[in-house]
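Where a number appears in this text, it was derived from the coordinates with a stated rule and is not lab data. All values reported here derive from a predicted model rather than from experimental measurement. Glycine also receives a Cβ, built like all others from the backbone with ideal geometry; neighbour counts cover every protein chain displayed.
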Amino acid sequence: MNCQEKTQYYLDRIAKYNPKLNCYLTVCAKEALAAARAADQRRAKKESLGPLDGVPIALKDIFVTEGIKTTCGSKILNNYIPPYDGTTASALKKGGAVLLGKLNLDEFAMGSSNEFSGFGPVQNPWKEGYIPGGSSGGSAAALAADLCPLSMGTDTGGSIRQPAALCGVVGLKPTYGRVTRYGIIAFASSLDQAGPMARTVEDCALLMNVVAGYDAKDSTSLNVPAEDFTKKLKQPVKGLKLGLPREYFINGMDAEVTTAVQKAAKKFEDLGAKVEEMSLPHTQYAVPCYYIIAPAEASANLARYDGVRFGHRAGNPKDLLDLYERSRSEGFGAEVTMRIVIGTFVLSTGYYDAYYLKAQKVRTLIKKDFTDAFQKFDAILTPTTPTPAFKIGEKTDDPIKMYLSDIFTIPVNLAGLPGLALPCGFSKTGLPVGMQLIGKHLDEATLFQLGFAYEQATDWHKRKPSLVMSHGS
């Protein structure tokens, strides 16, 4: 199958299944086929090929793409067409990748279920009426449904790993600063991180090779030597030490998730790794700490959407204040509005010290827990989510319940560490269960090594949803 045929295969599947799943917000059929044709021509002329030459990919609609609508899942950016490519989009183009389109997400990446998109929720391909996870729900669902072979997501508190786990695919949240943030629409700048998503660990590592690297346009980008993330893939895991934190096996957790992760720990022992229980004592403070820091940064980052330079502008404003108020209230959804209000409050005079400053101190303690743990362990094994996917609408009226969906992923963002989510089982109702491997700073290679070894010893990643939804297949 040449590049054009492969691209057409995915475009046909998108046309067939996307109306039901709602993964794609924009499909770039014409541009994708032109890029695939160019890739076939390069092959015919025996020209040197990029690492992803002719490979179709889809991007979460938070990555800025020149000439292609970029909405960030929000009505406020409904008609925004960027005049430039972000560094990630540019690197993928240079690598020869074929962009199929832009994927649905919770508005401004704020959500754990993809129900807070301004353009409707995404369906989980494994079960109709269930959430795919968020905020990169479109990316995870598109991979699971075979509507793309590779995708890029972003992760501020679990937004790559949580949907990857709930859709039965692989997702990496890299070390903070490992992948550029230039050209990603900002949510919380000290937490946001872009990362690869795929159906296998190896594909995830190959995509990481293309997108990782220093970028002078991003002041938080880490200037470290380039690395081949596939180099340790096939090395045995014998002798590696894995920590199993007590605080990640909590009351109220789904018993099937606990069992699946414990079986995964046993599988690692069978492969020669050492697994030992340990403690990350400040874990319980991660969620409240995150929901002070992230909204505070969001409040500052989203101040630019005021109806003046770009994005939605309210019609016939009476004065400047009316323009601001109506542009923002018409453009932002309820979840984003709530987080902006919380963020503005915790940054306000009289509350800054009590909330924001205290949260930053707690963040330091959470980081120290991991630093101490990695004196002894090579990686940490945990569940990715407390439960499998839940029904659409089940938690939208209870923000606390919704926020606790990210209880196992948030600490990794607060500490700036890498985390890999991959499938490790299924519930009795046929929904995927995922585990998370947390690594040392800049040690993504060991996570890929562990993930690959587990994947080779199991067949969870080979299962695919039947996609027999109410409209038939």
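Rounded to whole Å, the principal axis extents of the Cα atoms in region 15-92 read 45, 31, 18, largest first.
Looking at region 22-124, the chymotrypsin sites (Phe, Trp or Tyr not before Pro) that sit in a DSSP loop and have at most 15 other Cβ atoms within 10 Å of their own Cβ are Y84.
Sites listed here are trypsin sites (Lys or Arg not before Pro) in region 8-69 whose DSSP assignment is loop and whose Cβ has at most 13 other Cβ atoms within 10 Å: K45, K46. Taking label points 7 Å from Cα along the Cα-to-Cβ direction, A216 and D353 give a separation of 4.3 nm.
Across region 302-458, C-alpha contacts under 8 Å between residues 6 or more apart give a mean separation that, scaled by the residue count, equals a relative contact order of 17 percent.
Dipole magnitude for the chain: computed about the Cα centre from +1 point charges on Lys and Arg Cβ and -1 point charges on Asp and Glu Cβ, it is near 760 debye.
Here, P(r) means the percent of Cα pairs in each 20 Å bin from 0 to the largest distance; for the chain it is 26, 60, 14, 0.
Extending 7 Å from Cα along the Cβ direction at A15 and again at R309 yields two label points whose distance is 4.0 nm.
Looking at the calculated P(r) for region 128-273, what percent of the C-alpha pair distances fall above 18 Å?
Considering region 128-273, 65 percent of its Cα-Cα pairs are separated by more than 18 Å.
Seen from K401, the other residues with C-beta closer than 12 Å to its C-beta sum to a net charge of -3, counting Lys and Arg as +1 and Asp and Glu as -1.
Per the Cα gyration tensor, region 6-136 maps to an equivalent ellipsoid with semi-axes of 28, 17, 12 Å, ordered largest to smallest.
Based on the Cβ-Cβ distance of T259 and M1, what FRET efficiency does E = 1/(1 + (r/R0)^6) give at R0 = 60 Å, to the nearest 0.05? Intermediate values should be presented prior to the final figure.
Values: r = 40 Å, r/R0 = 0.66.
Calculated transfer efficiency: 0.90.
Quick check: residue separation of K45 and Q360 times 0.36 nm, minus the Cα distance between them. What number comes out in nm?
On the way: separation 315, 0.36 × 315 = 113.40 nm, distance 5.59 nm.
Contour length minus Cα-Cα distance gives 107.8 nm.
Overall, region 327-459 carries a charge dipole of about 380 debye about its Cα centre when +1 sits on the Cβ of Lys and Arg and -1 on the Cβ of Asp and Glu, all other atoms neutral.
Restricting to DSSP loop positions (anything but H, G, I, E, B) with no more than 16 other Cβ atoms inside 10 Å of their own Cβ, which GluC sites (Glu not before Pro) remain in region 1-49? Intermediate results must be reported in sequence, preceding the final value.
Numbers: sites: E5, E31, E47; in loops: E47.
Passing both the DSSP loop test and the Cβ count: E47.
Structural descriptor for region 283-344: relative contact order 48 percent, calculated from alpha carbon pairs under 8 angstrom and at least 6 residues apart.
What the Cα convex hull of region 192-319 gives, in volume per residue, is 236 Å³. Please tell me the relative contact order of region 13-88 in percent, rounded to the nearest whole number, where contacts are Cα pairs under 8 Å and at least six residues apart. Across region 13-88, relative contact order equals 19 percent.
Other residues within the sphere of radius under 14 Å centred on the Cβ of A264, judged by their own Cβ, net out at -2 (K and R +1, D and E -1). Each residue, E227 and Q456, gets one label point 7 Å from its Cα in the Cβ direction; the gap between the two is 2.0 nm. Here, region 306-428 has an Rg and a Dmax of 20.2, 63 Å when only alpha carbons are counted.
Count the net charge of all other residues whose Cβ sits under 11 Å from the Cβ of A273, scoring Lys and Arg as +1 and Asp and Glu as -1.
Values: positive: K238, K241, K266, K267, K274; negative: E269, D270, E276, D378.
Local charge sum for A273: +1.
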